[in-house]
Every structure is written in structure tokens, then in C-alpha cells.
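Undergrad: First the structure, which I've put down as C-alpha cells, then a few questions once you've had a look.
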Amino acid sequence: MRVIVASALVLTLALTLAACATVNFFPYEGKRNLYEGAGGTKIVVDKIDVWANGTPPRKYSIIGMMVIEIGSDKGDEAWIRSAVASEVKKRGGSAAIQVTNNSSFAGVLHAAPGFYMPTRAQKMQFAIVKYVE
């Protein structure tokens, strides 16, 4: 019984640590910073447009790039969208455009005696933009 309880505690701790995420922001600087997109698919989260495919069909400027690094299986889309919308608001933006979404094998987690789970790491990059009227 103790082995099962200890294994469950270790598994919970390992999954909690593996599920951590970081959000980094990098300001954009450039001579040419006025773009006009062609359209695509978007989801509105907390009044922020999150463009998963394509670009806004209006004029916009880039405020900066945001990189989200997500640990093992933390890829819950609602959580990611909420984190993106929060960062866009924090930076004074109007929308985010998804630029990349890469996942890779991060290792193997020993979850319980005789039970191993693969873990993955996911790195997503978004451009934070401000609409220009």
C-alpha cells in the first residue's frame, strides 16, 4: 500500500513540474512595421483575436513576439489561448498571430513501478499586433 501511495505522490509531483509553462516576450523593432493581412481563421478570447491560421484582413503593426514553452502534455488549448490573450492585453495589443507550433520528445517519466510515460515539450510563437485604423 505504501508503494502505491508513494508512487502516486511522485507521479503527481512529476506531472505538476512537467506541466509548467513559461511565457517570454521580445519587443519588435524595425523600419517597416505596417502590414495588411489576407484573412484566415481566428478565435476571440477575452475580446482578443487569436489568429491560428492566416493574418488579420486589416492593417496592423507588430508590437513584439511571444514565445510560450509548455511542459509535458500541458497543451490544453483553452489554457494556451487564455495565456496568449492575457499577454496581448498586458502589451497593449489587439491580437495575436500564431507563427509556429513545435513539439518534441522530452523524455520518459517513470510514473509507477513498471509504468513509463513519454513526455513532450511544446514551443509556440505568436506575433502580438496592434490594429491600425
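Derivation of every value follows stated rules applied to the coordinates shown; laboratory data play no part. Note that the structure is predicted; figures quoted are calculated from it, not measured. Note: ideal-geometry Cβ built from the backbone for every residue, glycine included; neighbour counts use all protein chains shown.
Undergrad: Rounded to the nearest 0.05, what FRET efficiency do Asn24 and Arg58 give with R0 = 25 Å and r taken as the Cβ-Cβ distance? Could you check?
TA: With a Förster radius of 25 Å, E is 0.40.
Undergrad: Counting other C-beta atoms within 10 Å, which of Asp49, Asp76 has the fewest, and how do the rest follow?
TA: Ascending number of Cβ neighbours within 10 Å: Asp76, Asp49.
Undergrad: Now a separate question. Can you sort Glu77, Glu87 so the residue with the fewest Cβ neighbours within 10 Å comes first?
TA: Going from least to most buried by this count: Glu77, Glu87.
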